[in-house]
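The values are calculated or read from the model by the stated rules, or taken from the named source; none is laboratory data. Owing to the predicted nature of the structure, the values given are computational and were not obtained by experimental measurement. Counting neighbours? That spans all protein chains shown, and the Cβs are built from the backbone with ideal geometry, glycine included.
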Amino acid sequence: MKNKFLWFVLLLISTGLLSCESPDHNNRQLFDYNWKFALGDFPEASEPDFDDTSWRELNVPHDFSIEHLFDSTNATNSGGGFAYSGIGWYRKHFTLDKSTENKKVSILFEGICRNSEVWINGHYLGLRPYGYSSFYYDLTPYLKPAGENNVIAVKANTSEQPNSRWYTGAGIYRHVWLLTSDKIHFDEWGVFAQTLTATKANANLSVDVELVNEFSTDKACEISTVLVDAKGEKVSQKSSVCTIKAGDFYKLTQQISVDSPNLWS
């Protein structure tokens, strides 16, 4: 449909506390710049005081396998394009400002190939064997106060070969984002909208949302879905009130109707 609902806006209002807009995070900062990189294995590189001054500085996305010769003797074999495989380390130093205080701060990797391991300020966040899907980690419990140095370290390991039937690349080969959200927020990838019915007379839309309350107390919220047309004019709105328990998830479905929608055909 052509649509009176080209856009929908989700509003989450926690009584007396916050107001956030969009199914995305409040703040999504591109985190691609000024990484340090070294080829090889450096077990101590996960520690924040590790000396990385001699490492190469680069921006991601980055592929450390394509920087080497394609060779028929490489372990990737023909299925992997005879590309180089091995271990690469990335480190990034960053500081946060006071606007992030009392917020949740996460890091989103669109893709790391592969067997990635991630640390923040020396704290191990996890292992991700798969190289093709996005994933994120909550950094909040391990971050330094505003203005102090934080270090995130990433190890990518493509040594285990063959592991694909095509050339995969190696390292942080997609974008990285730093996400900042209120403690009551839409879960990452927690919004799904679909058209249920559509005729010239009427159309019905369903919006599923997943909310998270990371406060230590229950919070009352109002969730509003607003439909706007291609000109940005509001054509419909649905609001719901709920209470989200401390530290809990809350799922909600809203159905919205639009009269006389502009259909594609």
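Contact list please: Cβ distance under 9 Å, first residue in the range 114-136 and closer than 17 Å to GLY88 by Cα and among the β-branched types (Val, Ile, Thr), second residue modelled with pLDDT under 95 and in a strand (DSSP E or B), pairs at least six apart or on different chains.
none
Any idea how many residues of the range 104-126 are among the basic types (Lys, Arg) and either over 16 Å from the mean Cα position of the chain (by Cα) or assigned to a helix (DSSP H, G or I) (or both)?
1
Within the range 192-246, how many residues are loosely packed, with under 15 Cβ neighbours inside 10 Å, touching a residue at least 60 places away in the same chain (Cβ under 8 Å) and of a type in the set (Asp, Glu)?
1
Out of the range 247-265, which residues are surrounded by 13 or more Cβ atoms within 10 Å (Cβ to Cβ) and polar (S, T, N, Q)?
GLN254, SER257, ASN262
Of all residues in the range 55-100, which are assigned to a loop (DSSP other than H, G, I, E, B), of a type in the set (Ser, Thr, Tyr) and over 26 Å from TYR142 (Cα atoms)?
Residues satisfying the conditions are SER65, SER72, THR73, THR76, TYR84, SER85.
Can you say whether ARG128 is among the charged types (D, E, K, R) and under 21 Å from PHE37 (Cα atoms), as far as the supplied structure shows?
yes
For PHE192, indicate whether it is closer than 18 Å to LYS104 by Cβ and aromatic (Phe, Trp, Tyr).
Working: closer than 18 Å to LYS104 by Cβ: no; aromatic (Phe, Trp, Tyr): yes.
It is false that PHE192 is closer than 18 Å to LYS104 by Cβ and aromatic (Phe, Trp, Tyr).
When you look at GLY131, is it within 18 Å of ASP41 (Cα to Cα) and not hydrophobic (A, V, I, L, M, F, W, C), yes or no?
Judged against the criteria, GLY131 is not a match.
Would it be correct to say that THR225 is modelled with pLDDT of 90 or more and not small (Gly, Ala, Ser)?
Judged against the criteria, THR225 is not a match.
Identify, by number, the condition in (1) loosely packed, with under 13 Cβ neighbours inside 10 Å; (2) more than 28 Å from the chain's Cα centre (by Cα) that GLY81 doesn't meet.
Only one criterion is unmet by GLY81, namely (1).
Taking THR197 as the residue in question, decide whether it is touching a helix residue (DSSP H, G or I) at 6+ places or on another chain (Cβ under 6 Å) and assigned to a strand (DSSP E or B).
no
Could you say whether any residue in the range 119-132 is surrounded by 17 or more Cβ atoms within 10 Å (Cβ to Cβ) and farther than 29 Å from ALA83 by Cβ?
There is at least one residue in the range 119-132 that is surrounded by 17 or more Cβ atoms within 10 Å (Cβ to Cβ) and farther than 29 Å from ALA83 by Cβ.
As an exercise: evaluate SER133 against (1) more than 16 Å from the chain's Cα centre (by Cα); (2) part of a loop (DSSP other than H, G, I, E, B) and give the number of the one condition it does not meet.
Failing condition for SER133: (1).
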